[in-house]
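Notes to accompany the following structure.
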Amino acid sequence: MDLKYGSDEAKKFITNVGLITSVGKNKENIMSAEWTHVISYSPWLVMINIGDYTATAQNIAETKEFGVSIASEAQDHICSIAGNGTGKELDKIGLLKEIGVEFVNGKKIAAPLVSGAALNLECKVVKHEKMGNKIMIIGEVVNFRVEPKTTPIIFSSGGYKKLSDFAGSKPRVDAKKLEELTNKYRKN
Ligand SMILES: Cc1cc2nc3c(=O)[nH]c(=O)nc-3n(C[C@H](O)[C@H](O)[C@H](O)COP(=O)(O)O)c2cc1C
């Protein structure tokens, strides 16, 4: 079956937004990728799934490295700019700098990373494979920088949401009751 873009079923998925940075034949570039996932702790592996037509895919195929900046709640505008228009035609990093977005240099990769992101990752490609209508790129994290007080933005139903909107909501099951039930249903 196919998953229809923008359909009710597609809207049931909730993701981060990874701001993927790269350098290559399309020069320095940034794109948004909601399909950015941690897939292993040891080694620390991150997977992105992106169109093979993107400037980012071309850059990464060439250099075998990329940056991931997990966008923070205050960076929805960066996600929108990075996710619209291609680096083949538009210097999105130049445009972002012009509106005050700051970048830091990667230590182990040539691509820059977005300042103020919840998490910055520098990745070296370990696997690169066509998967459905996207390319699956798995990178091993070789350097990172975390902003402990920064919360990642949520992308869902085609829009941005804040995790802090859900903070403090009442638990649906009383903690004591849940502990009792866990003991009751434990398999011996
Ligand atoms: C919030 C957001 C998330 C996106 N997630 C993805 C994604 O996971 N994979 C993908 O191929 N495109 C995704 N896109 C679309 C790309 O970012 C878009 O095609 C971009 O122009 C590609 O840039 P490039 O050609 O400069 O690499 C997303 C766009 C937005 C706004």
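Each reported figure results from applying straightforward, stated rules to the coordinates on display, with no laboratory input. On a predicted model such as this, the values are computed, not experimentally measured, just so you know. Backbone-built Cβ (ideal geometry, glycine too); neighbour counts: all protein chains shown.
Which entries in the list LYS64/LYS88; LYS12/LYS88; LYS4/LYS127; LYS27/LYS162; LYS25/LYS97 go over 22 Å, if you measure between the two C-alpha atoms of each?
On the way: LYS64/LYS88 18 Å; LYS12/LYS88 32 Å; LYS4/LYS127 27 Å; LYS27/LYS162 32 Å; LYS25/LYS97 20 Å.
Where the Cα-Cα span goes over 22 Å, the pairs concerned are LYS12/LYS88; LYS4/LYS127; LYS27/LYS162.
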Inter-label distance, nm, simple model (7 Å from Cα along the C-beta direction), LYS184/LYS107 | 5.1
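Can you tell me the dipole magnitude for the range 10-184 around its Cα centre, using point charges on the Cβ only (Lys, Arg +1; Asp, Glu -1), in Debye to the nearest 20? All intermediate terms of the calculation are to be shown ahead of the outcome.
Values: 23 positive and 19 negative charges, 89 e Å.
It comes to approximately 420 debye.
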Order of LEU19, LEU119 - criterion: other Cβ atoms within 10 Å of each residue's Cβ, fewest first | LEU119, LEU19
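Hey, got the dipole for the range 8-50? About the Cα centre, +1 on K and R Cβ, -1 on D and E Cβ, debye to the nearest 20?
Values: 4 positive and 4 negative charges, 30 e Å.
Magnitude of the dipole: close to 140 debye.
Neighbour counts of other C-beta atoms within 10 Å: give me PHE103, PHE13 arranged from fewest to most. Don't skip to the answer; put the middle values down first.
Working: PHE103 18, PHE13 12.
Fewest-to-most Cβ neighbours within 10 Å comes out as PHE13, PHE103.
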Ranking THR182, GLY94, PHE66 by how far each Cα lies towards the positive end of the charge dipole of the chain (+1 on Lys and Arg Cβ, -1 on Asp and Glu Cβ), the top one is THR182
Rounded if a/c is under 1.5, else prolate if a/b beats b/c, else oblate: with a ≥ b ≥ c from the C-alpha gyration tensor eigenvalues square-rooted, which is the range 4-50?
-> oblate
Got a sec? How would ARG172, ARG145 order by Cβ neighbour count within 10 Å, fewest to most?
-> ARG172, ARG145
Hey, which aspartates and glutamates would be in cross-link range of LYS187, C-alpha to C-alpha under 20 Å, not counting anything within fewer than 8 residues on its own chain?
-> GLU179
